[in-house]
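The values are calculated or read from the model by the stated rules, or taken from the named source; none is laboratory data. Just so it is clear, the structure is predicted and the values come from calculations on it, not from any experiment. For neighbour counting, all protein chains shown are included, and Cβ atoms are generated from backbone atoms with ideal geometry for every residue, glycine included. Ligands, DNA and RNA are stripped out before the accessible areas are found, and what is left, the full protein with its side chains, is counted by its heavy atoms. Shrake-Rupley method; radii C 1.70, N 1.55, O 1.52, S 1.80 Å.
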Amino acid sequence: MSSFAVRFLAPPCCPTSRSKTLLCATPTAAPAAPEAVEASRLEPRVEERDGYWVLKEEHRGGISPQEKVKLEKDPMKLFMEGGIEDLAKMSLEEIESSKHTKDDIDVRLKWLGLFHRRKHHYGRFMMRLKLPNGVTTSAQTRYLASVIRKYGKDGCADVTTRQNWQIRGVVLPDVPEILKGLADVGLTSLQSGMDNVRNPVGNPLAGIDPDEIVDTRPYNNLLSQFITANSLGNPAMSNLPRKWNVCVVGSHDLFEHPHINDLAYMPANNKDGRFGFNLLVGGFFSAKRCAEAIPLDAWVSADDVIPVCKAILETYRDLGFRGNRQKTRMMWLIDELGIEVFRSEVEKRMAGKQLERAQEDLVKKQWERRDYLGVHPQKQEGLSYVGIHIPVGRIQADEMDELAHLADEYGSGELRLTVEQNIIIPNVDNSKLEALLKEALLKDRFSPEPSLLMKTLVACTGNQFCGQAIIETKERALKVTEEVERQVAVTRPVRMHWTGCPNTCGQVQVADIGFMGCMARDENGKATEGVDIFLGGRIGSDSHLAELYQKGVPCKNLVPIVVDILVKHFGAVQRNREEGED
């Protein structure tokens, strides 16, 4: 076994399904291997120098501005060599006077999970945490609440589409103290932004799900520990060509959205009955291209989850393109090399091990995705979990404190975050359910039984805080949905996602109805906030990316269009007709 190996019990065998291979909503085969790949193309473009990985000089032509910033000073030095302490002592005027330190706060600090909100909240930062599998404790939640509370109206938190916390309002002088506080409660923000591996996603019901295939928490904890070297910093994995997403699938529901990750571990038994994972690779969203993950045609045992992740990351780090940032995600490398050459490069980096070919998936293809909101029995007798709705993921300090209190009072002091920006309270004794459901926070704000359109509503940060967002998203998503609900009734949830710009942090391509921010023209030809509407995204084993339905719709004209879409495509009924029939 490798130093990263770990043994887990194999789950019982389940009916199988094969993953679909899709690209930009159109079925496609995996990229074919080119007739030949020149040996020189397979020479690593990076090398290790003094503990950090840098781009070789012969490959520095035509690189992106971000790569030039990394060459000037490795961003990990701000953490690993104490640079953040010195930076935090400088005034913003001092920082702005030097290009070097200005690049620190606008680019390099993203390696520490700190994003300067220069455009809308100058001098303030969003901090993104690492929260493997979306599991957080009451102590962690209280600490984060204490951080944002001191920033008043500028301070708030978001549950993200990667089962993660983001906190807002942070100012630079406070960062060293905040980092120490995070470490004290077992959290880190390290390597959570820019060209790093993002938060490892898993089944939000891991370990409590009566129908789970495998508990994803140990794997995601190992992945996070490996990526960050146990929160000490891992420069070998922090100079990737671009960001990189990973998930471990543990449920038939595919709550983890494997088809949109750079690496997805799909549970599978090999021909000898050993438990492990088939691998999907290359899924990503960007402003110019969206692609679903494709099979690597490889199976690894549970012991090799970390070694194969390391090998794939090293392949991407060593060979990936570092020019135009719109063409630097891992799928572009797979396209260039072909899947078999890419696979062979991964195998080269597996310390002499050979990758087995893919085996039969354990995920049931014919499976109706379950609703985790509300009260549900756990696999543990006498216990239940309660899924609660966090409207578009936004949460304030007092609400975080109250959630921490509820987790302690009624559960086991734990909360689970989901990719739909909601929260689950696990391990609630059935004798306490009635009292929990009567709590004011669940009655007034975070309902376990939201409306069918609200329960799956997702929205990115929007231009309230994000400088790249074209439109405001969170409040608008709520208001449009409320107005639509007054006009029509639906018989099933319809997943509506909002994203403020083409970077699609709100993941509109996986939504039933997606709204992507743009500038539009109103009836008078005046520029106004608008959206491009996407339709038909599917999740689960029958995954499919949404397709463009209508471009440039002014936001003020959205409600009747959404009503029409719901009636024509989702079986909604006009409320006035419904009332008349009654």
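Observations on the structure shown:
- Dividing the Cα radius of gyration of the stretch 46-349 by its Kirkwood radius returns 0.97 for Rg/Rh.
- Packing here is the average count of other Cβ atoms within 10 Å per residue, and on that basis the peptides 108-118, 548-558, 342-352, highest first, run 108-118, 342-352, 548-558.
- Percent accessible area from carbon and sulfur atoms, the stretch 46-349, protein chains only, probe 1.4 Å: 50
- Volume per residue of the convex hull around the Cα atoms, evaluated for the stretch 296-343, comes out as 72 Å³.
- Highest average first, the peptides 238-246, 368-376 ordered by how many other beta carbon atoms sit within 10 Å of their residues are 238-246, 368-376.
- Multiplying each eigenvalue of the alpha-carbon gyration tensor of the chain by 5 and taking the square root yields semi-axes of 34, 29, 26 Å, largest first, rounded to whole angstroms.
- Modelled this way, with points 7 Å down the Cα-to-C-beta line, the labels at ARG41 and GLN574 are 5.8 nm from one another.
- Peptides 469-478, 536-545, 62-71 ordered by average Cβ neighbours within 10 Å, highest first: 469-478, 536-545, 62-71
- Heavy atoms of the protein chains alone define the surface here; on that basis the stretch 306-420 has 37 Å² accessible area per residue at 1.4 Å probe size.
- Taking the protein heavy atoms of the stretch 444-582 in the context of the full set of protein chains, the accessible area attributed to carbon and sulfur is 47 percent at 1.4 Å.
- The fraction of all Cα pairs in the stretch 206-295 landing in successive 10 Å bins from 0 to the largest distance is 16, 40, 34, 10, 0, given as whole percents.
- For the stretch 367-380, Karplus couplings with θ = phi - 60° (6.51, -1.76, 1.60), whole Hz, Gly/Pro x: 8, 7, 4, 7, 9, 8, 6, x, 9, 9, x, 8, 5, 7
- Take the Kirkwood radius over Cα pairs of the stretch 457-574, plug it into Stokes-Einstein at 37 °C and 0.692 mPa s, and you get 232 µm²/s for translational diffusion.
- DSSP beta bridges fully contained in the stretch 443-582 are about 75 percent antiparallel.
- Here is how the number arises for the chain: DSSP H runs of 4 or more residues each give -39500 (n - 2.57), the sum is divided by the residue count, and the result at 222 nm is -7500 deg cm²/dmol.
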